1. Could you give each residue of region 44-57 its phi-based ³J(HN,Hα) in whole Hz, using Karplus coefficients 6.51, -1.76, 1.60 with θ = phi - 60°, and x for Gly or Pro?
2. Using only alpha-carbon positions, what ratio does the radius of gyration of region 21-65 give when scaled by 2.2 N^0.38 Å?
3. Ordered by packing density, taken as the mean number of other Cβ atoms within 10 Å over each peptide's residues, highest first, how do 29-38, 51-60 rank?
Amino acid sequence: AREGIEYPVALDPEARVWAAFSNRYWPCLYVLDRNGGVRFRHIGELHEDSPGWDELARQIETLRAAK
């Protein structure tokens, strides 16, 4: 709120989440299923209409359909 950011921001100052995923890349995006399993990982920047973006959308829709 102090910075005027109007959306949630996750902080990991002690790198616990980073370590839990054995992450070695920045940026890196993970999509988890409802049980916490990694279903998709993208290393590097992600831009709308790129192949990685399309795969991200497919993975999310697959997980949403698996309710």
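Readers should treat all values here as calculations from the given coordinates under stated rules, not as data from a laboratory. Values in this document were obtained by computation on a predicted structure and should not be read as measured data. Ideal geometry is used to build each Cβ from the backbone, glycine not excepted, and the neighbour counts take in all protein chains shown.
1. The phi angles translate into x, 5, 10, 10, 3, 6, 8, x, x, 5, 4, 5, 4, 4 Hz.
2. Details: Rg = 10.8 Å, N = 45, 2.2 N^0.38 = 9.3 Å.
Relative to the 2.2 N^0.38 Å estimate, region 21-65 comes out at 1.16.
3. Details: 29-38: 10.7, 51-60: 12.8.
Peptide ranking by packing, descending: 51-60, 29-38.
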